[in-house]
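Right, one structure below, let's go through it.
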Amino acid sequence: MPRFDRHVFVCTNFRAPEAARPSCTTNGQSEIHTRLKDEVKSAGLGNSVRVNKSGCLDQCEHGPTVVIYPGAIWYGFVKPEDVPEIVNEHLLHGRPVERLRLAEGCLNTPSCPHRPQASANP
């Protein structure tokens, strides 16, 4: 099997509705994951792009979250209808979809505009 040029990870984490942080899915299933797999295959990228389900990527307030390697391009607030643009722009043409990218100041930081103040304190 040839090596993959890109790996796409889609958070499919589920938490109970009363949890302190939100979930990227309501039931552990992800329409985004399914659509990405289908679009990647339709675009003829099945041998060069691998789409994987992921557990929590710790970007809960930005969910649903998708990250693409190499490059560590993080997308947040992704909707199923965003998938064709991600595949066409990023995976086919190497141009990240800027409108979906998470700001550097929001990645792996204790506070950002999307996190409630309570979660900003460790």
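Values quoted throughout were computed directly from the atomic coordinates according to the rules given, and no laboratory measurement underlies them. None of these values were measured; they are calculated from a predicted model. Cβ coordinates were reconstructed from backbone atoms using ideal geometry, including for glycine residues, and neighbour counts include every protein chain displayed.
A few remarks follow.
- Annotation: amide H-H contacts under 5 Å for SER23 (H modelled 1.01 Å from N, sequence separation of 5 or more, or interchain): ARG15.
- Each other residue within a Cβ distance under 15 Å of LYS53 adds +1 if Lys or Arg and -1 if Asp or Glu, for a net charge of +1.
- Close amide H partners of ILE73, meaning residues 5 or more places away or on another chain with modelled amide H under 5 Å apart, are ILE68.
- The relative contact order of region 1-88, computed from alpha carbon pairs under 8 Å that lie at least 6 residues apart in sequence, is 39 percent.
- For ALA103, no residue whose modelled amide H falls within less than 5 Å of its own remains once neighbours fewer than 5 places apart on the same chain are excluded.
- Here the gap between SER42 and ALA103, fully extended at 0.36 nm per residue and compared with their Cα-Cα distance, gives a gain of 19.0 nm.
- Vicinal HN-Hα couplings computed from phi for region 56-62 (Karplus, 6.51 cos²θ - 1.76 cosθ + 1.60; Hz; Gly/Pro x): 4, 9, 6, 10, 3, 6, 10
- Overall dimensions of the chain, expressed as equivalent-ellipsoid semi-axes from the Cα gyration tensor (√(5λ), whole Å, largest first), are 26, 16, 12.
- Virtual spin-label span in nm between CYS56 and PHE77, 7 Å along Cα→Cβ: 2.3
- Trypsin sites (Lys or Arg not before Pro) restricted to DSSP loop in region 1-80 with at most 11 other C-beta within 10 Å: ARG3
- DSSP assigns beta bridges within the chain; of those with both partners inside it, close to 55 percent run antiparallel.
- 3J(HN,Hα) from dihedral phi, region 27-43, Karplus parametrisation 6.51/-1.76/1.60, rounded to Hz, x for glycine, proline: 8, x, 9, 9, 5, 4, 4, 4, 5, 4, 4, 5, 5, 4, 5, 4, 7
- Which of ILE73, LEU45, HIS93, positive extreme of dipole for region 18-107 (C-beta unit charges): LEU45
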